[in-house]
Structures are given as structure tokens and as C-alpha cells.
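Down below is the structure, laid out as C-alpha cells.
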Amino acid sequence: MTALDTLATREDQISPGISACVGCNVELTLRTVLKVLGPNTILAIPPGCMGGVGVVGWDKMSGAKVPVFFPLLDNSASMLAGIRLGLKARGREANVVAFAGDGATVDAGFQALSGAAERGDKIIYICYDNEGYMNTGYQRSSSTSKGSWTSTTPVSKEGSGGKPQHRKDFPLIMAMHDLPYVATASPAYIPDLVKKVERAMEVKEGLAYIHIYNPCLTGWGIKSDDSIAISRLSVQSRFFPLWEAHGRRLQFTVRVPKPVPVADYVRRIGKFRHLDEARIAELQAITDERYSFLEAMDRMGGGANAPGA
Amino acid sequence: MSRVDVLNGNLAAAHAARLSRPEVIAAYPITPQTPVVEYLTQFHADGSLPCQMSEVESEHSAMSILTGASLTGVRCYTATSSQGLALMYEPYFRASTLRLPIVMNIVNREMISPQTVWGGPQDSMTLRDAGWLQIYVEDNQEILDTTIQAFKVAESAEVLLPINVCYDGFYLSHMTERVEIPSQEEVDAFLPPYRSRHIILDPETPMAVDPLTNGRLLMEYRRKHMAAQQAALVAIEKADAEYARRFGRSWGGVIDEYRTEDAEYLMVSLGSVCGALRECIDDARARGVRVGLLKIRSLRPFPRARVIEALAGKKGFGVIDRNVSFGTNTGILFQEIRAALYSAGSRYPAASFIGGLGGEDLTLEIVAGAIKSTIETVDAGKIDNEASWLVRPERKA
């Protein structure tokens, strides 16, 4: 069955009418992921965009058809670890899943997530990374790109400012926990995402981690009909490469032999408008360096000739 | 058949947890609670504690794991101390407001700073308004009996609240005493298995747990939570009575009284210092001084009616607090007792003492001094608005 067949035949597990921004690719991602996961799923939505738009619910109404709850901002992984233990005690099996923003994952939630990863708690943790705290007006996170305007890394009239540090390479940090499955994904590559969620579901023991890069229309200054095009550029510029890793065997899942310049990606995004040539060149250099590192890992993992590549 | 052993407080707590058949345990070691975690993992390894156990990377995750596990409807247990409790404050408050009947021993330890690892109930008493039930105990047998009862109280349908059984670090946690350990069959007969009926994360019955909630509905939750705290006053007494019937030991329920019947003066406190108070009360009684002990077992819910009743007709009282209530010049328990009496329209002369912080010893001499000072204050008709500090004289080099 192809990914498109899967999506065409599966029931949407998210209620209609949730209030995400027009063109939000996180909502698309969530609906896609939940279609693959199916109804036998317990879903954690920590504070963040998807909580704010009503996926957990409002008062006595639910935003999802599966059991869903708000963890705290910083304990999605440990609450899910507890749910897994409770299910084990009851002799039950279900997908135990977090769908969490980057703030709840790479910042406040990192300790709990790293702890669960090291212990091997059997959960599927999916991070939707939109580079900051978007539902509260875009404050910086440790996943925000260097140079980016945010409401807490403002830009002066002369164009100086923006975030001084580059985003941490979080999916690689997760892979270095020697997990059974780690992957990156993009809303512009839905079949790739579907396959990755299926692989996460196949994991028998331990934590599976998927890091999805979701350009944010309202926060980043992107037109709503540009959402998917810009997501694709993030991959085609090698700014956010798509790969998967079983333990330390990492392989690209989308190969980008002829990348577009990072400038072509950055120039389409409002939050980078103040960046001059030199600062864009700096982003290009960081992108090249990080990509070379992944290429080396990909070669060690068997590269394009590896089974399953 | 029960058996008698010599146990430190931590081992008494671990046996109580084992006998209560928790289904999930998550814990992180911290002095002076650490041996509890070691005992439990050993029981688990030996097969006498067949539960799911998680050794977490922090107390924040310990309470988060139990919150998650309890949401699947199973029985949960943990233990912590001081800084660990402070670190888990966020999921701690939430466990009570989600009405999850988790049982947690708190091995009381002073709060930093200055840097300290020794005893004192400042850690848990500071959190008295976080919605948990809190019971304070005096010796190791009481740790074991109360921890078993705690599951029954927390899980009872009219309560459904998490509960702390608090005992003094080192004075109880590391001191050995004779403890009677009931058999598994006896505990099973007292404590039936738990299954959640009010909240559950289960794909067979999908439910949104804790969606965004408006203030009006939130206030309804708070009002019901407060009513459940009041229901716990009854549940604690009921559990104590049933336990006494089955095991032959009663701890008095929400309070305990010692030689109060004909007393003119009452000393009020909680925790292990009540042992020293009993000794000193016996000495004073031998000299014809009519003094008794009012031991507060349940700080939350606060046993207002029984405190009023216990003090009725007395000349006055003194409170020994092993904690401070910053900004009030006294300890927390003194504030609580005064507030309870005000609601009954009663006005007693009263003495306030703070001592025994950071593991500092409250010797028989010091406690006897506090009794003497209480009698002077009461006879003079005074009400302290500032605590007297109970300190040992400095040793000459």
C-alpha cells in the first residue's frame, strides 16, 4: 500500500474545526501522523500551538477522537513513560505518542525526553519544530535559526540583531542516545513522513523519535499558499536534511545532490528579511558543515547503496 | 501471620509499599529517602514486589510518570525528600488537581539554604496548600501502618486525592525500632485492588483529559476538591478504625491525644518530637503538673473540629513548630491552630516555639523548658505573636 492509499483509507483522528491558522502545515502534519497511528493511540499534546488550537479540547469538548491530554510543558516524555508502565501493568497495548512543539522538546522537555530515551521507555515522540514559541507570539527557542527575528531577539532599525546562536541539531542529539529509530521529516514530503511513522510504530523496545520541521506562516512571515513550497526549499537547500537512523546507522531518505542556495530559502521568509549577504553566507556555511557531517554518517551507514536506502 | 522485626523508618515504609501491591513505582534517590528506593528495587529484584518500576532521572519525572500511570487507572507509589519535593512541585500540584490517588512518603528534610541534608518538615509543610492530603507520623510502626492506610484513604470514592505520609529524616528514617509487619493476606483483606472510575486514558473509552477549561468550571473543580479534603477527615478516621479492628493498632485518626483528659495545659506538635513530648509530659505529671499532648496527624485536611474539641476547657496551649512561616513570626502549625480556634470563637492563652530546624536536636531538657515556658505564658494570660526559639546552649570549646 502506498502512502497515499494509506491516507485515503484511514479515518481522520482529529476533530474537524480546530482553529489552526489558515495554511498551517502543523495541522496537516498532525492529521497525517494520526491517520497512520490509528485509533489505538493515546496522544499527548503539551502546551503549544496544537494545544492552543483545541486538539486536546475546550471545557467538556474533545479535539481528538483518540484519548488525548495536556502534559505539562516539560514532562510529555515522562508522563507517556508512566502511561506505558500503566498499560503494561494492565496487560494492554497501544501507541503511546507525544506530538510536541520544539519548546516542549528541545528546551523545557529535554531532560524528561533524554531520561525516557536512556531508559528505553516504549513511546513514540514526535516534535513539530517551528523554531520557537509560536502560539504566544514567537519567542526564541534553542531551535531558532541564527539571525532569525523573534519577539525576544528583535532587530534594530539598522537591521542588526536577530538571534545570535544557531539552532541545536536536536535530532542528532536524540540519535546519539542509540535509539531504535530516529528520523527527520517535512510536511513537503508526506510519503516519507508516512513511512517514518510506520517505522516508529514497528519499534518493539525503546523510544522512537521523529523531528518534523514545520515553517510557521504567521510567525515567520510566510504567505499561507507558500507553506509547502518553503518547507520543500528547507530540504532542497540542505538546510533541514531528511534522514533516518537505526541506532547509529544513519541514512538520508531524501537525497539532495544539487542543492539550491540557502539564500533562495532564506529570502522567501520574513523573519530573515534583515539579513545581509554576509549573514546569509554564514547560514550557508553552517548548513554546508552540518550537511558534510551527516554525509559522513550516511557513508558509514552504507550511503545510497545501503539496504533500504 | 504478622511478624516482628527491627526496622528503620525507611524499611518500614518500603515494607508498607510492598504489602500494598502498587502496580507502578517511579522514584529518584535523595538523602534521607535513598534507602527506600534501594529496598524497593531489591524487593523487585527478589520477586516480592511484582510491579512496573522506573528509576528516573529526576523527581520531576518520578511524579510525572506516576501521573501518567495513574491516568491509566493503576495504583502508584513513590517517596521523596526536600529538594526533590521542590523539584516535583509542578507535577505534584497537578496530581492533586487531577484527583489521582497516588501515595508518596515524604522523608522530611530541611530546605536549602543554608546547605543542609538533615531533618525538619519545612519541605512538605510549605506545600500544605497544594491539594494533597498530608499525614505526619511519630514512629516507625506508625509509618508502616499509616502508609498502608494511605492507599485506602486516597482511593476511596469520596476522596480520590493523593496523599503524603510524612516522617522525620534521620530521627525516623535511619533509626531502628521494633515494628510489626502484617502478612500479605491480612493487608490484602484490608486493601482491595484499585481501578480508576473517574478518569482514564484508554483507547477503548476515548476521553480528553484536562482540556483548556474556563474559570467557572475550574472553580467547580476546586470546590469539589475542597469537599473531598473534608471527606478525607472521615475516611482517615474510618481507615484507622478498620485497621485497629483488623491489626489491633489505632493511631487516633486525624489527631492523637496523650494524657489530655484532665489536662490544664496542652502541648501541640507533629512528627517524631511528640516522642520527647510524651516523656516530658510524664515527668511533669509526676510533679503534679496537669499537661497533655495534642498530636496533629492530619495537617491536610486540617482537623479543625477535633482540635477545638481537644482544647475545650483547657487553660491554654503551646505549639512546637519544627518549621517557619516566613512573614508571620511563628511556625505553620501555630498559625493553623490559632485559625481553627478563631472559627470557634475561642480565645486561649498560647505560646509559640520554633526549634529543631535542620536536624537540630530537641532534647528532653529543651522540650521540658518549652512546657515550663508554656505554663508561664498561659498563666500570665498571654498570646504569643512571635515564636520563642528553642536552641541548645553553645558548647564551650
message: I'm checking my understanding of the structure. Among residues of segment B:127-167 that are among the β-branched types (Val, Ile, Thr) and assigned to a loop (DSSP other than H, G, I, E, B), which one is farthest from B:Leu7 (Cα to Cα)?
response: B:Val159
- request: Collect the residues in segment A:136-174 that are of a type in the set (Lys, Arg) and over 19 Å from the mean Cα position of the chain (by Cα), keeping them in residue-number order.
  value: A:Lys157, A:Lys163
statement: Every listed condition ((1) polar (S, T, N, Q); (2) within 19 Å of the chain's Cα centre (by Cα); (3) more than 14 Å from chain A (Cβ to nearest Cβ)) holds for B:Gln42 save (2)
message: Can you find, within segment B:163-213, the residue that is nearest to A:Leu87 (Cα to Cα) among those that are of a type in the set (D, E, K, R), surrounded by 14 or more Cβ atoms within 10 Å (Cβ to Cβ) and within 14 Å of chain A (Cβ to nearest Cβ)?
response: B:Asp202
message: For segment A:45-78: of the residues being in a loop (DSSP other than H, G, I, E, B), out of contact with any Leu (no Cβ under 6 Å at 6 or more places or on another chain) and closer than 25 Å to B:Cys51 by Cα, which is farthest from the other protein chains (Cβ to nearest Cβ)?
response: A:Pro71
- prompt: Only one of these conditions is not met by A:His177: (1) over 15 Å from the mean Cα position of the chain (by Cα); (2) closer than 25 Å to A:Thr287 by Cβ; (3) away from every other protein chain (no Cβ under 14 Å). Which number is it?
  reply: (3)
task: Those residues that are closer than 17 Å to A:Arg248 by Cβ, small (Gly, Ala, Ser) and at pLDDT 95 or above, I need them from segment A:288-309; list them, please.
output: A:Ala296
task: Restricting attention to segment A:116-145, report how many residues are touching an Asp or Glu at 6+ places or on another chain (Cβ under 9 Å), away from every other protein chain (no Cβ under 14 Å) and closer than 20 Å to A:His177 by Cα.
output: 5
- line: Within segment A:248-274, residues being in contact (Cβ under 8 Å) with a residue 60 or more places away in the chain, touching a Lys or Arg at 6+ places or on another chain (Cβ under 9 Å) and of a type outside the set (Val, Ile, Thr) number 2
field: Unique match (being aliphatic (A, V, I, L, M), surrounded by fewer than 19 Cβ atoms within 10 Å (Cβ to Cβ) and assigned to a helix (DSSP H, G or I)) among B:Ile308, B:Ile281
entry: B:Ile308
query: When segment B:59-92 is examined, which residues are found to be within 13 Å of chain A (Cβ to nearest Cβ) and on the phi > 0 side of the Ramachandran plot?
result: B:Gly73
message: Cβ-Cβ distance below 8 Å, separation of 6 or more or different chains: which pairs start in segment A:141-154 with a residue that is within 9 Å of A:His166 (Cβ to Cβ) and touching a residue at least 40 places away in the same chain (Cβ under 8 Å) and end on one that is part of a loop (DSSP other than H, G, I, E, B) and acidic (Asp, Glu)?
response: A:Ser145/A:Glu131
Those residues of segment B:362-393 which are assigned to a helix (DSSP H, G or I) and not hydrophobic (A, V, I, L, M, F, W, C), in sequence order: B:Glu365, B:Gly369, B:Lys372, B:Ser373, B:Thr374, B:Glu376, B:Thr377, B:Asp379
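For every residue, the table says whether it meets (1) within 14 Å of chain A (Cβ to nearest Cβ); (2) modelled with pLDDT of 95 or more; (3) under 21 Å from the mean Cα position of the chain (by Cα).
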position	(1), (2), (3)
B:Val4	no, yes, no
B:Ala14	no, yes, yes
B:Pro32	no, yes, yes
B:Glu38	no, yes, no
B:Gly47	no, yes, no
B:Gln52	yes, yes, no
task: Just give me the residues in segment A:30-44 being more than 10 Å from every other protein chain (Cβ to nearest Cβ) and crowded, with 20+ Cβ neighbours inside 10 Å, in sequence order.
output: A:Leu30, A:Thr32, A:Val33, A:Leu34, A:Val36, A:Leu37
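Within segment B:241-262, can one find any residue that is outside any loop (DSSP other than H, G, I, E, B), within 14 Å of chain A (Cβ to nearest Cβ) and loosely packed, with under 12 Cβ neighbours inside 10 Å?
There is no residue in segment B:241-262 that is outside any loop (DSSP other than H, G, I, E, B), within 14 Å of chain A (Cβ to nearest Cβ) and loosely packed, with under 12 Cβ neighbours inside 10 Å.
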query: Pick from segment A:79-115 the residues that are in a loop (DSSP other than H, G, I, E, B) and more than 9 Å from chain B (Cβ to nearest Cβ): which of them is farthest from B:Cys76 (Cα to Cα)?
result: A:Asp102
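Of all residues in segment B:193-221 being of a type in the set (S, T, N, Q) and more than 26 Å from the chain's Cα centre (by Cα), which is farthest from A:Pro47 (Cα to Cα)?
B:Thr205
The values are calculated or read from the model by the stated rules, or taken from the named source; none is laboratory data. Every value quoted in this text rests on a predicted model; they were computed, and no experiment measured them. Positions of Cβ are backbone-derived with ideal geometry, glycine not excepted, and every protein chain shown enters the neighbour counts.
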